[in-house]
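**Student:** Here you go, one structure.
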Amino acid sequence: MLNRFHYEHLFYEKELDDLAFNYYLRYEYFMNLKENKHAEICLKMFKLICTSQRILKSLLAKA
């Protein structure tokens with residue numbers, strides 16, 4: 001049975017998935033435009049979000 005923490009985690013995990021996907025699409029868009037500086041920022045944000053997801057998953061596993 002899922003408690004409130006688990007439901008909130010699932011909600012935030014979905015939000016982070018959407019956000020990560022959005023930044024990855026932006027990264028590809030800027031790479032196609034040869035805007036390397038903007039693409040680099042989007043890639044860093046994508047990696048940061050993926051790291052956040054791993055941290056959330058490890059916290060959930062410990063709960």
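Values in this text are rule-based calculations from the coordinates and carry no lab data. Keep in mind the model is a prediction, meaning the values are calculated, not measured. Note that each Cβ is placed from the backbone with ideal geometry, even for glycine, and that neighbours are counted across all protein chains shown.
**Student:** Using a 7 Å offset from the Cα along the Cα-to-Cβ direction at both D17 and I41, what is the distance between the two label points in nm, to one decimal?
**Tutor:** 2.8
**Student:** Give the cross-link partners of K44 among the lysines, using a straight C-alpha distance below 16 Å as the criterion and excluding same-chain residues fewer than 8 apart.
**Tutor:** K44 reaches no qualifying lysines.
**Student:** Need the full-extension length gain, K62 to M31, defined as separation in residues times 0.36 nm minus the C-alpha distance. One decimal, nm.
**Tutor:** Length difference between fully extended and current span is 7.3 nm.
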